[in-house]
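For reference, the structure discussed in these notes is given below.
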Amino acid sequence: MKKHLIWILPTITGSVIIGLWYAIIVIGGQPDYVLPSPWQILQACVTERHLLVPAALRTGFAAIVGFVAAVGGGSLIALLLASSRWVKMSFYPWVLVMQMTPLIVLVPIFVLWFGEGLPSITAITFGICFFPVVANTTMGLVSTDKNLLDLFKMSNASFTQEFFLLRAPYALPYFLTGVKIAGTLAPIGAITGDFLAGTASTYAGLGYLVQNYRSQIMTAELFAVAFVGCLIGFIFVAAVNFVHWYLLHNWHESSLKAEH
């Protein structure tokens with residue numbers, strides 16, 4: 001019964017929300033350009049599919065490229081920071097400085113460096129996804145159980161053995177947590193990047209469609225873009241969660257407890 005509740009309860013809640021939505025429209029007399037009905041939004045998804053589908057694919061591609069680059073680059077930086085206490089003390093504060101820098105300020109710089117379109121959108125996505133990977137992976141690599149480290153040293157284990165057989169597995173849950181956070185942020189970063197640096201001629205993604213529909217006060221279409229963006233986010237997070245489960249479910253206690 002509990003398994004069925006996972007689907008039944010959200011369905012009931014969603015039905016109530018839609019009912020309240022229609023009630024607000026009818027009772028409040030809200031015009032369509034202020035609050036379109038769910039049916040109008042669904043119609044907008046269908047009528048605008050010739051724009052929404054290509055834009056979603058472009059935004060999804062930018063999200064994947066930025067996400068993969070952030071995971072790869074963030075992992076390498078984390079390995080560097082965890083390699084030595086002195087290296088971490090020297091460079092980690094500057095990583096935090098970069099993290100605290102408002103990304104929107106850097107957007108014009110990215111456009112100057114890379115030009116409008118996909119390169120800048122990817123750079124913005126990278127900037128949003130990069131720091132969770134660095135922070136979590138570094139934390140995992142430097143948090144390895146000291147008793148286990150002493151055991152490996154007593155066993156005359158090489159650096160390679162210590163890293164691949166102890167530090168990397170110990171840090172894997174931390175790394176995957178950072179990846180999950182980055183996966184949640186990647187579609188947001190791609191849409192934001194497209195909104196700020198996208199162009200109609202070279203790379204019209206969902207963010208550019210938002211600007212186009214907003215200028216024409218096409219509110220139902222704006223909701224349709226939001227729905228498609230949400231769908232991309234769900235797909236992204238589902239894929240990352242699957243990887244997280246696949247790598248941990250056979251041995252890590254957090255996944256074993258979740259399954260029971």
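Please indicate, with yes or no, whether at least one residue in segment 45-52 is modelled with pLDDT of 85 or more, over 25 Å from ILE124 (Cβ atoms), touching a helix residue (DSSP H, G or I) at 6+ places or on another chain (Cβ under 6 Å) and in the same structural domain as PHE195 (by TED's automatic domain parsing).
There is at least one residue in segment 45-52 that is modelled with pLDDT of 85 or more, over 25 Å from ILE124 (Cβ atoms), touching a helix residue (DSSP H, G or I) at 6+ places or on another chain (Cβ under 6 Å) and in the same structural domain as PHE195 (by TED's automatic domain parsing).
Is it the case that segment 28-50 has a residue that's over 15 Å from VAL228 (Cα atoms) and among the hydroxyl-bearing types (Ser, Thr, Tyr)?
Yes, segment 28-50 has at least one match.
Considering only residues that are at pLDDT below 90 and loosely packed, with under 11 Cβ neighbours inside 10 Å, which ones fall in segment 15-32?
VAL26, ILE27, GLY28, GLY29, PRO31 - these are the residues of segment 15-32 that are at pLDDT below 90 and loosely packed, with under 11 Cβ neighbours inside 10 Å.
Among the numbered criteria (1) more than 28 Å from the chain's Cα centre (by Cα); (2) in a helix (DSSP H, G or I), which single criterion is violated by ILE77?
(1)
Which members of segment 1-13 meet the condition of being at pLDDT below 90 and either part of a helix (DSSP H, G or I) or in contact with a Ser or Thr (Cβ under 6 Å, 6 or more places away or on another chain) (or both)? It would help to see each step written out before you state the result.
Initially, segment 1-13 is screened for residues at pLDDT below 90, giving 1-11.
Within segment 1-13, LYS2, LYS3, HIS4, LEU5, ILE6, TRP7, ILE8, LEU9, PRO10, THR11 qualify.
Is segment 64-85 home to any residue that is farther than 22 Å from CYS129 by Cα and either at pLDDT 90 or above or not polar (S, T, N, Q) (or both)?
Among the residues of segment 64-85, at least one is farther than 22 Å from CYS129 by Cα and either at pLDDT 90 or above or not polar (S, T, N, Q) (or both), which makes the answer yes.
Report the residue count in segment 91-126 for those that are more than 25 Å from GLY205 (Cα to Cα) and either crowded, with 17+ Cβ neighbours inside 10 Å or touching a Ser or Thr at 6+ places or on another chain (Cβ under 8 Å) (or both).
2
The values are calculated or read from the model by the stated rules, or taken from the named source; none is laboratory data. These figures come from a predicted structure and were not determined experimentally. Positions of Cβ are backbone-derived with ideal geometry, glycine not excepted, and every protein chain shown enters the neighbour counts.
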